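The values are calculated or read from the model by the stated rules, or taken from the named source; none is laboratory data. Note that the structure is predicted; figures quoted are calculated from it, not measured. Note that we place each Cβ from the backbone using ideal geometry, even for glycine, and neighbour counts take in every protein chain shown. To get the accessible areas, we keep the full protein, side chains included, count just its heavy atoms, and leave off ligands, DNA and RNA. Shrake-Rupley method; radii C 1.70, N 1.55, O 1.52, S 1.80 Å.
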Amino acid sequence: MNKKKIATVWLGGCSGCHMSLLDIDERILDVAALADIVKSPVVDGKEMPEVDVAIVEGAITSDEHYEEILHIRKQAKILIALGDCAIHNNVTGLRNFFKLQEVFDTSYKESPSNDADGVMPDDPLLLKLNEKVIPLSEVVDVDFFINGCPPDADYIFYVIFEYLNERIPQPGGHKKIQYG
Ligand code: SF4
């Protein structure tokens, strides 16, 4: 069997989902035997080539994220939403309860940790946030949802491993498998 290609992408999330991904520990060798990780924050790949499986952490918070998820969907045979922020906004979406300007003011102007030289909302270095956060499935079709905040590493490994072996994973299917 030819080696498959995997991408992991970090959109509007805290990176905790990627930390859980790393918690698959030595099972990364089982993944590496079947696939190359061609783009990921953990391998620093910048391009998004065509891949068999794309695993996306975080919600859509900006036009940049919006364009990125459309591109990922185009490039990926299977798209997995990784974690509760990608699935239903979760922590990333808490700011939806407030006006964006209020969030900026609280975070950048009124924060005691910010001084006169601190970053301001109009700083070109900052991502231009949209008024509301939305989950992946509001923009693209998602093939599988790995829930959790953060998701269980066993679940992440199970889903990836099933797809790499050309099987369809089942929701919660990792609970039927004994790991370690
Ligand atoms: S689901 Fe939890 S761990 Fe994952 S990005 Fe969101 S807040 Fe972080």
So, relative contact order of the stretch 1-156 in percent, Cα under 8 Å, 6 or more apart, is 30
On a 0 to 90° scale, report how tilted helix 153-164 is relative to the longest principal axis of the chain, with both axes built from alpha carbons and the result rounded to the nearest 10. 60
What pairs in 3/74; 77/132; 3/39; 46/74; 4/74; 109/132 have C-alpha atoms more than 24 Å from each other? 77/132
Can you work out the accessible area per residue across the chain, with the rest of the protein chains kept in place, probe 1.4 Å, in square angstrom? 56
May I ask which residue of 66, 96, 82 lies farthest towards the positive end of the charge dipole of the stretch 58-111, with charges of +1 (Lys, Arg) and -1 (Asp, Glu) on Cβ and the Cα centre as origin? 82
Each label point is 7 Å from the Cα along the Cα-to-Cβ direction; what then is the distance between the points at residue 2 and residue 106, in nm? 5.0
Report, largest value first, the span of the C-alpha coordinates of the stretch 12-62 along each principal axis, in whole Å. 36, 25, 17
At a Förster radius of 35 Å, what calculated FRET efficiency corresponds to the Cβ-Cβ distance of residue 167 and residue 25, to the nearest 0.05? 0.95
Mean shadow area of the stretch 1-138, taken as a quarter of the surface of its Cα convex hull (nm²): 9.6
Given a 1.4 Å probe and every protein chain left where it sits, what share in percent of the accessible area of the stretch 63-169 is carbon and sulfur? 55
